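Handing you a structure now.
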Amino acid sequence: MLALRWRDHEDVDAAHKIVTSHLRLVAKIAMGYRGYGLPVADLISEGNIGLMKAVRKFDPDLGFRVSTYAMWWIRAAITEYILKSWSLVKLGTLASQKKLFFSLRNIKRKLNILEVGELEGDQVRLISDAVGISEDEVINMNRRLAQRDMSLNAQVGNDEGGSIEYIDTLVDSGPSPEALVVADQEKDSRHVLLDHALKQLTDRERLIFLARRLSDEPRTLEDIGNELGISRERVRQLEVRAYEIVENAVKTMAARSDPGRLEGLPA
């Protein structure tokens, strides 16, 4: 009677009575999915959504009970929620993949396979034959089930100051923000010292120093010599002289500004 009132007249009160009369069914089905680590309240909420969809589509003339028809919608809503919540990466959309996700644990239990570790070759073949899915998909699904995505805000412990979240346990192997700031300041300071030192060189010495010491692909002595019209040996002598001038200029200026910085300067 209630179903007819909803179908023929869209009586919201009738639909509401049907839904509220089957809430215990939703809770019973949801309790069967507790082993996936999701809050039971969330599972029940998703199941209620499936129940409401079932009531909206229910046809009383087909002769089935509401509970029989709604059961499939409730399970579908809950399983979809579990699949979406399990990982940020989609686990699978094929019916065989979804079937494997929810049946793999039972199959492993029947085969006395531990829930941890990789599957052996014969175990993979047995599961593949039982479910009708490729061995690679069995291996991948087993790995996904073994390692679920964890929220960065998940509670992992407590200390004197309160609860500890997973993000608090992560360690950044890179340099700290303070170290990066210091490194940038030191880099800028060295550029200033180098610019000052290069001004102590003649044009020819600066060209040789830049081409030989500060270039990603240093030029050869012969190439520079041909450009300047001098011998290779003379280019080498000017390079040594330029390096000594730059080195002395940098150390002198650094000592004037901060004597302790001499130890941090590169050779």
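The values are calculated or read from the model by the stated rules, or taken from the named source; none is laboratory data. In this text, all values refer to a predicted model and were calculated from it rather than measured experimentally. Cβ placement follows ideal geometry from the backbone for every residue including glycine, while neighbour counts extend to all protein chains displayed. Protein only, heavy atoms only, side chains kept; ligands, DNA and RNA dropped before computing areas. Shrake-Rupley method; radii C 1.70, N 1.55, O 1.52, S 1.80 Å.
Give the stretch 191-228 a look and list any residue that's open to solvent by 90 Å² or more (accessible area, probe 1.4 Å) and touching a residue at least 60 places away in the same chain (Cβ under 8 Å), or say none. Can you show your working first?
We begin by selecting, within the stretch 191-228, every residue open to solvent by 90 Å² or more (accessible area, probe 1.4 Å); these are 191, 199-200, 203-204, 213, 216-217, 222, 226-227.
Passing the criteria: none in range.
Related question: For the structure I just gave you, tell me whether L2 is in contact (Cβ under 8 Å) with a residue 24 or more places away in the chain and of a type outside the set (D, E). Don't jump to the end; show me each part of the working.
Numbers: in contact (Cβ under 8 Å) with a residue 24 or more places away in the chain: no; of a type outside the set (D, E): yes.
The answer is no for L2.
On to the next question. Hey, among R241, R261, which residue is modelled with pLDDT under 85, touching a helix residue (DSSP H, G or I) at 6+ places or on another chain (Cβ under 8 Å) and surrounded by 15 or more Cβ atoms within 10 Å (Cβ to Cβ)? Even if it seems obvious, please write down each step before you answer.
Working: R241 fails: modelled with pLDDT under 85.
Checking each option against the conditions leaves just R261.
Which condition breaks for L100 when tested against (1) part of a helix (DSSP H, G or I); (2) of a type outside the set (G, A, S); (3) modelled with pLDDT of 85 or more?
Every condition holds for L100 apart from (3).
Looking only at residues in the stretch 24-62 that are among the basic types (K, R) and without any contact (Cβ under 8 Å) to a residue 24 or more places away in the chain, which one is surrounded by the most Cβ atoms within 10 Å (Cβ to Cβ)?
Step by step, filter the stretch 24-62, then rank; the result is K28.
Please work out if D136 is part of a helix (DSSP H, G or I) and either modelled with pLDDT under 70 or open to solvent by 80 Å² or more (accessible area, probe 1.4 Å) (or both). Talk me through it step by step, then tell me what you get.
On the way: part of a helix (DSSP H, G or I): yes; either modelled with pLDDT under 70 or open to solvent by 80 Å² or more (accessible area, probe 1.4 Å) (or both): yes.
Against the criterion (part of a helix (DSSP H, G or I) and either modelled with pLDDT under 70 or open to solvent by 80 Å² or more (accessible area, probe 1.4 Å) (or both)), D136 qualifies.
Any idea which of (1) closer than 30 Å to R105 by Cα; (2) of a type in the set (D, E); (3) surrounded by fewer than 19 Cβ atoms within 10 Å (Cβ to Cβ) is the one E10 doesn't satisfy?
Here E10 clears every test but (1).
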